[in-house]
Amino acid sequence: MLMIKKLFPLIFLVLISCSKPTLEKDIITIGLGYEPESLLPLFPLSATASNVKSLIFNNLLKMNEDLVTFSPELAKSYTFSDDSLKITFILNSNIYWHDDEKLTSNDVVFSHNLYTNKLVGWDGLSYKQNIIDVIAIDDTTVVYIFDNKTPFMVMDAVEGVILPKHILSKVEVEGLFQSDFGHNPIGSGPYKLTHWENQQYIQLEKHEKYFNENKPSISKIIFKIINEPVMMVQQIMNREIDMASNIPVIYLDKISQEDSNLEIVNYTGKDYDFIGWNMIDRVSFNQLKDSIKANPQTFIPLVEPHFLFGNKRIREAMSLAINKKLITEKLFSGNADPINKPYVLFGTKQLNTSNQYDISKAKEILTEEGWIDSDGNGILDKNGKEFKFTIYTNSGNIIREQILDILVEEYGKIGIKMIPQKVEPNYLVSDIVPNKKFDALLLGWNAGIKPDFTPLFHRSQYLHPFHLTGFYSPEFDDMNNKLLQSKNITDFNYNLDIVLDELSQNRPYTWLYTKNNILVYNKRIKNVEPSIISPYRYLEYFEL
Amino acid sequence: MKQIINEIWQNRNFKLGLILLLLVIIFSAILPNILPGDPNFQNMEKCYTKPTSQHICGTDNLGRDIFLRLIHGSGLSLKISLTTSLFSVLIGLTIGFISGSSPKSIDYILMRMTDLFFGFPKYFLFILVLGFGEFSLLKLIIVLSIFSWMETAKMVRSETHYINSSLFVKSAICQGLSKSNLFFIHYLPNLAGILISSYTLQVSTIILVESGISFIGLGVQSPNISLGTILNQARYFPYDNYTLIIFSGLFILLNVSTFHFLGDGLKATTNKEKFQK
Amino acid sequence: MNYKKFIYSVLFKLFTIFLLILLGLILLFILIKTIPGSSDIKYISTAFSLERQQELQNIYGSDNSPILVQLFKWMKNTVNFDFGHSTQSGLPVKQIILSSFLPTILLSFLAVTWGLLIGFPFALVSATNPGSKRDKFITLLMVLSYSLPAYWIGLFFLQFFSYKLNIFPSSQLFDIPGIYPSLFSKFTSVLYHLFLPSLALGLSFAAYFYKYLKTKLIDILDSEYILAAKARGLSAKTIILSHIIPNLILPVLSLFSTITPLFFSGAVTIEYIFSIPGIGRTMINAAVARDIPLIIGGATISFIAIMLINTFYDILLVIFNPKIKTEWINETNNK
Amino acid sequence: MNNLLLNVANISLVNRNQILKSNQSFALKDISFSLAENNSISLIGDSASGKTSLIMALLKLKPISSGKIFYKGKDINLFSKTELVQYRRNIQPVFQNYEESLNPLLTIQNNLYYGFSNRLTKKEKLLKLNNLVNLMGLNNNILSKLPFQLSGGEKQRITIIRALVTEPEMIILDEPFSSLDVINQEKLLAVFQQIKSEFKVSYIFITHKIPLIKYFSDSIFSINKGKMQKLENYRAYENLKND
């Protein structure tokens, strides 16, 4: 006892004397909200993981911020053939992998073959569908051969980072996911992974043989995994980290007021949230799906509409009853914009951010459609059926959970009973959505660089889990086909507008908002320029 | 009977528990029913306010009244733990009694089963079962009770052994009482003390476990409120605002300590009774 | 003592433990089967869309064998310690789980140390002066620390010591790698980072230890050898060191065997709050990402570890206590 | 000679707790005796001589290691369940430790009530109960009391009543006079005699108070360390002890 009494202050002193880490010269520490699950580019990665991945690997070309043009990266130049069906890429000659092997056109061909291998199941496969073949002419020349002429040929060719043949060819395709390449990646990018401490840190170091003459000036980058947003705030204000991207908006005021050394930048994000309405009757859908298995085309018109949301007017009323402004202002402190149609990054970028909130009109529509509270229990009813529906969202998203809380209130005001359910995402995708067990869904999509609504709304994808709502409109399908067949960018933009208008008229979704990304960083870092593609996209140009 | 009640009444812990129980009943059973207002009502103009006369515990991240949420949440937490404990005590009684009144081989098997359940990493199995599929209160209650009956079973078993050897049971057997009569007339009344005290102690444990599971997001789901889910929100509070953490702590403290005191008091008296024999 | 019979009973004990583990594994398997879609997901990343997953399932082939065959396969894999690969990261489950055991065990070990450091002196004071004001005060204090869940204490510590006063780190197990001159400084850094979490957990252990040790101590203090020692005029320190503590070894050992499960899964909430990369945090993350192989592997490995550790405690208990040895042998013979 | 009621042939009972010791000890060893209807026997023995084990063995509450017990010529080990119940109802024990013989949480009425045959109506049961209480010289209001409110003597008499409610053919009395003064012993003896004549019961009377044996002694046995011996008269026991 006595000994412990004497020892205790000593132990305590030792503990306290561990000085807090201060920011070091030449090292940038970046807070990550989640640990990257893997850095293997072949498999679907979370946004966090692919941001880190982008520092380790390179594409052939780098997409510019306008999302249309490209600048050189691994390839120093590219040329179209005369018939516009071939693109020839000339690679830089001094590219080395992190293990000092030389990167050649064989690696490019190898990577393409991996990406298109059915066994891999790469989720960007649709990019490569137009490519017939990739041929290595010599060590630095690669030719991509295309089937059709589209505005997106370069984008299709350069999608997907280049992977090292000399390492991955030794691994069987089936075992790729389980190989340790995902945790010991060898890339050609400006930084190489040197240390990965489970759920703690990922440490990257400068790649000395990086091909670019502007070699990164910062020698070490440490990604620190901080699961709690509040901790992130605390650590960035304590100078334990230099940069953080998922700071809860409620802290932004506090940060800008209290800490003049921190800079907050606000830049456009890629994702948007929406409510998807189930437009078809579950029972009839499942019966028909089982009985007419062969061809969805034949039974789509036979499926009965949902008793509530099969009606376009009701969907309109449901949209009108949501105060999007309240959500964007309160939950995001204005760092999000209400949207009223699908969010696209490409082409027509101007958003219609008006807040179409009109609760009395919503009520009017519902009354016109025959929904009134005849038994006086506060819930609307029609033909003895109550206006009651279940909305699902994925668990683990605080904002969506809060939105559900808000919606319960708002719909309650006009006599609609909404039952919120949180389930984990894969249960949603594997059971609830394919069997149409929901009435409504609160989810978010990541707007692709190339706008394509086929998986979400086209009838050919009717049974695909991403085709959430059972939306079916022959007019839309025609417009969509026209969009995909556009020969050039102006044509594409024109058709895109028509498609967007058609969708916003039909309201299979109620589009809620698109949120801005926020990056907070210490002003000691210069040249910070976050990009819609990744906040660390230009990290190699950062300076201290 | 009077003597036993007297004895229980004289236990300080029990008396304290009773007084606290009064508070618990007021806060968790009466107030939620008489106080107007919806615990989920949001006033986005007033988020994170500190205690005022209007919101005596302040408001949370969606401008909801914390006090209203706490009394409703504490009500649900109590409902869950009261039912769960009931199930778990029933399971414990069944297993313990069968084990205590069966031949040694069955007794041995059942007791090793109990050890097995003791050995399961409870929280991981909660994660395994509750982390998937839709949430329902029933599922939560069933899972909680399946993994909390063991202590009751052990106590019931040893008490059953004690009753087995008592002469009144031997006499009753000689009088040809049927097994069910024997159980209801002789065993159950004598097990009652243990059952009640382990029930109350169980309630306090289950409140803690349930709030822990809800806290990590696997238990009660919104719009249902439990003390754990409320406390979970504290993680998003600005860190100079202690209202939520303090008040929800007080509520958990009140609920748990009430049943702890009651159970402790009951346990002490039932034990004493045994010594007197 | 009858040496042969003792060995026989130990073997019998080990055999029962083996059967129990087997039974536990079957129960676990049944639980796993209640998870929707658990048999479909093998080594295919759950980040894929369902359609892609199904395509891959068709390519790789899915498990449609009868349930008993599946059970047998699962048992076989478990015996071989093969739990498959995480569907999130592709790493072997075994590797992830074993690497996250270390922080948890360290945390729990520190917490138990705190629990004993706080619980034992309090129990001693209460047991030597039952009914005194000090006793009442300590009892009240311990009821408080029992009634406040560890995660509440943790949250409070975090808000006050980390956020407000900023004297303790709020997350991570140690500071940035590469800046440590020696292993020792890394170790102290770990201790520093685990200070608040282990104290929060330790306080709730302390209440439990206190209650248990108090009753045991009262028993010991009432015993005749203590009275005799007092009569011989031994000092309080000598009595504690030479009479009380040796007699506490057995109760403390059996106390430890009851908290073994907590060693693994009791720290879940604390790991969750303080972002400690332990087994609990790993399991929660796995649940969020629906990483079924990881969850199953985590639960199974912990279960087996708990059973083995408890057996170890049992054998220790027997070595320290001849009385239990006879009971054991009796038990064996009566079978 | 009356019909043979109980015939005990060479029963032994091994002490379970000491199974480890290589030399097995017997709680009972090779005990034989028989009892005819409306007859009584006395067993003399010190405490821990195996008396309680014998009672347990007779009632089949403890399994015997060897030997057989015949009831009306039938081996009790071969009894069906209902036969066993009937057998036990016919042989009622009155334990020495009357404090523990009553369920402390039930009223006296409930302690006694459940022993009656199911064929009786509730009214009949209560009537019989009252008669028995009066027979034992107790007040009727005792029925609504709890065991702890009763004096020792009252409790003892209640246990005797309980033995009578099943209308047994035989009662095993284990030290029935242990806590009574001489006057009450006389009274109780009278009651036993009355019961014997009224209900036609046999007694197995276990005691170490030798002077009382004469009242119950169609034959006398001594029991010591699990072994049994037939005595000519009770004086023989004195001699035995002095040996």
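The values are calculated or read from the model by the stated rules, or taken from the named source; none is laboratory data. No experiment lies behind these values; they were computed from the predicted model shown. Positions of Cβ are backbone-derived with ideal geometry, glycine not excepted, and every protein chain shown enters the neighbour counts.
Side notes on the structure shown:
- You will find that of B:Gly176, B:Gly193, B:Gly219, the residue that is within 14 Å of chain D (Cβ to nearest Cβ), assigned to a loop (DSSP other than H, G, I, E, B) and either of a type outside the set (A, V, I, L, M, F, W, C) or at negative phi (or both) is B:Gly176 and no other.
- Residue within the range B:120-140 that is assigned to a helix (DSSP H, G or I), facing chain C (nearest Cβ under 7 Å), touching a Pro at 6+ places or on another chain (Cβ under 7 Å) and over 19 Å from B:Tyr187 (Cα atoms) present: yes
- When residues in the range C:79-98 are screened for being of a type in the set (A, V, I, L, M), over 13 Å from C:Ile304 (Cβ atoms) and either away from chain A (no Cβ under 11 Å) or not in a helix (DSSP H, G or I) (or both), 1 of them pass.
- Considering the conditions (1) without any contact (Cβ under 8 Å) to a residue 40 or more places away in the chain; (2) touching a Phe, Trp or Tyr at 6+ places or on another chain (Cβ under 7 Å); (3) away from every other protein chain (no Cβ under 14 Å), A:Asp133 is excluded by exactly one of them, (2).
- Scanning the range C:182-198 for residues that are more than 9 Å from chain A (Cβ to nearest Cβ), surrounded by fewer than 21 Cβ atoms within 10 Å (Cβ to Cβ) and under 17 Å from C:Phe157 (Cα atoms) turns up nothing.
- Of the residues making up the range C:282-304, those that are facing chain B (nearest Cβ under 9 Å), part of a helix (DSSP H, G or I) and not β-branched (Val, Ile, Thr) are C:Met283, C:Ala286, C:Ala287, C:Gly298, C:Ala299, C:Ser302, C:Phe303.
- Residue within the range A:228-244 that is in a strand (DSSP E or B) and either crowded, with 23+ Cβ neighbours inside 10 Å or on the phi > 0 side of the Ramachandran plot (or both) present: yes
- B:Phe168 buried (at least 20 other Cβ atoms within 10 Å of the Cβ) and under 30 Å from B:Leu68 (Cα atoms): no
- Complete set of residues in the range D:138-157 that are closer than 16 Å to D:Phe177 by Cβ and either outside any loop (DSSP other than H, G, I, E, B) or within 21 Å of the chain's Cα centre (by Cα) (or both): D:Gly152, D:Gly153, D:Glu154, D:Lys155, D:Gln156, D:Arg157
Okay, residues lined up against (1) crowded, with 17+ Cβ neighbours inside 10 Å; (2) modelled with pLDDT of 85 or more; (3) not basic (Lys, Arg):
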residue: D:Ile91; (1), (2), (3): yes, yes, yes
residue: D:Gly115; (1), (2), (3): yes, no, yes
residue: D:Lys125; (1), (2), (3): yes, yes, no
residue: D:Leu164; (1), (2), (3): yes, yes, yes
residue: D:Glu169; (1), (2), (3): yes, yes, yes
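- Checking A:Ile225, A:Ile221 one by one, the residue that is surrounded by 23 or more Cβ atoms within 10 Å (Cβ to Cβ) and within 14 Å of chain C (Cβ to nearest Cβ) is A:Ile221 and no other.
- Residues of the range A:44-82 that are surrounded by 18 or more Cβ atoms within 10 Å (Cβ to Cβ), at pLDDT below 85 and either outside any helix (DSSP H, G or I) or among the charged types (D, E, K, R) (or both): A:Pro44, A:Leu45.
- Hey, B:Ser101 touching a residue at least 60 places away in the same chain (Cβ under 8 Å) and under 17 Å from the mean Cα position of the chain (by Cα) or not: no
- Subset tally (residues that are in contact (Cβ under 8 Å) with a residue 60 or more places away in the chain, of a type in the set (A, V, I, L, M, F, W, C) and under 18 Å from B:Gly193 (Cβ atoms)) for the range B:8-23: 3
- In this structure, B:Phe215 does satisfy being among the aromatic types (Phe, Trp, Tyr) and within 19 Å of the chain's Cα centre (by Cα).
- So D:Asp218, is it modelled with pLDDT under 80, surrounded by fewer than 19 Cβ atoms within 10 Å (Cβ to Cβ) and under 24 Å from D:Leu138 (Cβ atoms): no
- All positions within the range C:102-115 that are closer than 13 Å to C:Pro277 by Cβ and away from chain A (no Cβ under 11 Å): C:Thr104, C:Ile105, C:Leu106, C:Leu107
- Hits in the range A:50-82 - residues which are of a type in the set (Gly, Ala, Ser) and closer than 18 Å to A:Ile162 by Cβ: A:Ser50, A:Ser54, A:Ser71, A:Ala75, A:Ser77
- As a summary of the residue check, C:Pro169 satisfies the conditions (1) away from chain B (no Cβ under 14 Å); (2) more than 23 Å from A:Gln200 (Cα to Cα); (3) touching a His at 6+ places or on another chain (Cβ under 8 Å); (4) not polar (S, T, N, Q) except for the one numbered (2).
- Leading residue by the ranking (farthest from the other protein chains (Cβ to nearest Cβ)) among those in the range C:121-150 that are crowded, with 17+ Cβ neighbours inside 10 Å, in contact (Cβ under 8 Å) with a residue 40 or more places away in the chain and not hydrophobic (A, V, I, L, M, F, W, C): C:Ser126
- Residue within the range B:163-170 that is more than 10 Å from every other protein chain (Cβ to nearest Cβ), touching a Leu at 6+ places or on another chain (Cβ under 6 Å) and closer than 30 Å to D:Lys62 by Cβ present: no
- Checked against (1) more than 19 Å from A:Pro151 (Cβ to Cβ); (2) surrounded by 16 or more Cβ atoms within 10 Å (Cβ to Cβ), A:Asn495 passes all but condition (1).
- Qualifying residue in the range A:448-465 (condition: closer than 30 Å to A:Ile221 by Cα and either of a type in the set (Lys, Arg) or surrounded by fewer than 21 Cβ atoms within 10 Å (Cβ to Cβ) (or both)): yes
- Flag for A:Thr268 being surrounded by fewer than 14 Cβ atoms within 10 Å (Cβ to Cβ), of a type in the set (Val, Ile, Thr) and over 27 Å from B:Asp60 (Cα atoms): no
- Positions within the range C:64-78 being in a helix (DSSP H, G or I) and surrounded by fewer than 12 Cβ atoms within 10 Å (Cβ to Cβ), in sequence order: C:Ile67, C:Leu68, C:Val69, C:Lys76
- Hey, A:Tyr521 under 24 Å from the mean Cα position of the chain (by Cα), farther than 20 Å from A:Asn340 by Cα and free of Cβ contacts under 8 Å to residues at least 24 places away in the same chain or not: no
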